[in-house]
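Participant: Okay, here's the structure, questions in a sec.
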Amino acid sequence: MKLHQLDLNLLLAFDALMAQGSVTRAAETLFISQPAMSHALNRLRTFFGDPLLVRTPQGMLPTPRAQRLHLGVQQALRLLEQQLSDEEVFEPSQSKRRFVLCTTDYVECVLIPPLIQRLKRLAPGVTIEIRILRDTLPEAELASGEIDLVLGFDEYMQVPGYLGKETWLTEPLAGLVRADLPMAAPGLAESGDDSALPAERISLSQLIEMPHVFHSPLGTSEASLDRYLKTLGFSRTISVNSQSYMSAAAIVSQSDHLLVLPSMVAELLASHWPLKSLPLPEDVPDYHLNCVWHPVHAQQPALIWLKALMKELVNPV
């Protein structure tokens, strides 16, 4: 199969067909007739030796071959489009750009509020759409530009080497407990039953013995804390799994449970709930907040501007 044998306009037709799932709608997208789009689909089928899209009661569905082809075709078309277009200029104060961020509730709580405040001053026409990060990195959406940036912890993301990645923040974990527990009072625990004595830091024994509320936004059953305890030959008792910071905080505020989470969120929740944030043992691993993007879009002035702005908010000078 030789590239010179393929009319490159057919790749535009293929991308439109995959995006629309309809010959008629794909034709409208490219401003050509429906027969012309049908002819393009037939030529694509002949070239690739595959039906590519199959008509079903649910519409036209892509074959496995079409699904494999589409990501690469999208990337090639977007890169070609960028190279052929005039140099893009981004004026924040005049822009109506919508940025789509895929992230966890941590970023929603800690980073998005100050970002919105900064945008109000610098770029009032810019809007932000948040999509929740799931257990699979949205590689296709990053490639197509449907999602601009992914922000999340190493805990939740396995990032392929071809994607751009930068660590923006290293943050220690903290433990949230009910504010009226004896261990939450100011002071130090030195001896005896340290689960009942006031402490400035949660001890290893408390970490092991106390029942935990496990915040798991992606529905995972293990965290870096569990792997840390495992290296010491210990494990913790998880009594409750929660995918929401708010529900986890509510449970802890009415129980003797411990909630382990990044320290900035712990402080935020403690300021709104009857909770106390305490540091964990010093050798517990930190969390690393990463920003991930697709190299196809890395040179977009708008994306460069947003990344710089958000990184400044995470690490103020």
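Participant: Could you check region 122-146 and list, in sequence order, the residues that are in a loop (DSSP other than H, G, I, E, B), open to solvent by 10 Å² or more (accessible area, probe 1.4 Å) and among the aliphatic types (A, V, I, L, M)? Let's see the steps before the verdict.
Facilitator: First, pick out the residues of region 122-146 that are in a loop (DSSP other than H, G, I, E, B): 123-126, 133-138, 145-146.
Adding the requirement that they be open to solvent by 10 Å² or more (accessible area, probe 1.4 Å) leaves 124-126, 134-138, 145-146.
Passing the criteria: Val126, Leu137.
Participant: Those residues that are assigned by the TED database to the domain that holds Leu53 and under 23 Å from the mean Cα position of the chain (by Cα), I need them from region 69-100; list them, please.
Facilitator: Within region 69-100, His70, Leu71, Gly72, Gln74, Gln75, Arg78 meet the criteria.
Participant: Output the residues belonging to region 1-20 that are part of a loop (DSSP other than H, G, I, E, B) and either among the aliphatic types (A, V, I, L, M) or open to solvent by less than 20 Å² (accessible area, probe 1.4 Å) (or both).
Facilitator: As a first pass, look at region 1-20 and keep what is part of a loop (DSSP other than H, G, I, E, B): 1-2, 6-8.
Passing the criteria: Met1, Leu6, Leu8.
Participant: Could you grab me the full set of residues in region 61-91 that are without any contact (Cβ under 8 Å) to a residue 24 or more places away in the chain and among the charged types (D, E, K, R)?
Facilitator: Arg65, Arg68, Glu81, Asp86, Glu87, Glu91
Participant: Does region 248-281 hold any residues that are open to solvent by 50 Å² or more (accessible area, probe 1.4 Å) and more than 11 Å from Leu173 (Cβ to Cβ), and which are they?
Facilitator: If the condition is that a residue be open to solvent by 50 Å² or more (accessible area, probe 1.4 Å) and more than 11 Å from Leu173 (Cβ to Cβ), then Ile251, Gln254, Asp256, Glu267, Leu268, Ser271, His272, Trp273, Pro274, Lys276 are the ones that fit.
Participant: Moving on. Suppose we filter region 69-105 for residues that are open to solvent by less than 50 Å² (accessible area, probe 1.4 Å) and in contact with a strand residue (DSSP E or B) (Cβ under 6 Å, 6 or more places away or on another chain); how many remain?
Facilitator: 6
Participant: Taking region 41-92 only, how many residues are at pLDDT below 90 and of a type in the set (Val, Ile, Thr)?
Facilitator: 2
Participant: How many residues, within region 33-60, are in contact (Cβ under 8 Å) with a residue 12 or more places away in the chain and either within 33 Å of the chain's Cα centre (by Cα) or in a loop (DSSP other than H, G, I, E, B) (or both)?
Facilitator: Let us first name the residues in region 33-60 that are in contact (Cβ under 8 Å) with a residue 12 or more places away in the chain, namely 37-38, 40-41, 43-44, 47-48, 50-53, 59-60.
Retained after the next criterion (residues that are either within 33 Å of the chain's Cα centre (by Cα) or in a loop (DSSP other than H, G, I, E, B) (or both)): 50-53, 59-60.
Looking only at that region, the number is 6.
Participant: Taking region 147-156 on its own, how many of its residues are at pLDDT below 90 and open to solvent by 10 Å² or more (accessible area, probe 1.4 Å)?
Facilitator: Our first condition is that a residue be at pLDDT below 90; within region 147-156, this holds for 152-156.
Add one more test, that the residue is open to solvent by 10 Å² or more (accessible area, probe 1.4 Å), and what stays is 154-156.
Of the residues in region 147-156, 3 are at pLDDT below 90 and open to solvent by 10 Å² or more (accessible area, probe 1.4 Å).
Participant: So how many residues does region 217-257 have that are in a strand (DSSP E or B) and either assigned by the TED database to the domain that holds Thr104 or among the polar types (S, T, N, Q) (or both)? Let's see the steps before the verdict.
Facilitator: First, pick out the residues of region 217-257 that are in a strand (DSSP E or B): 237-242.
Now restrict to residues that are either assigned by the TED database to the domain that holds Thr104 or among the polar types (S, T, N, Q) (or both): 237, 239, 241-242.
Result for region 217-257: 4.
Participant: Taking into account only those residues within region 183-235 that are under 21 Å from Pro274 (Cα atoms) and open to solvent by 70 Å² or more (accessible area, probe 1.4 Å), which is modelled with the lowest pLDDT?
Facilitator: Checking each candidate, the answer is Leu188.
The values are calculated or read from the model by the stated rules, or taken from the named source; none is laboratory data. These numbers come from a predicted model, not from an experiment. Neighbour counts run over all protein chains shown; Cβ positions are idealised from the backbone, glycine included. Each accessible area value is taken on the protein alone, full model and side chains, heavy atoms only, with ligands, DNA and RNA left out. Shrake-Rupley method; radii C 1.70, N 1.55, O 1.52, S 1.80 Å.
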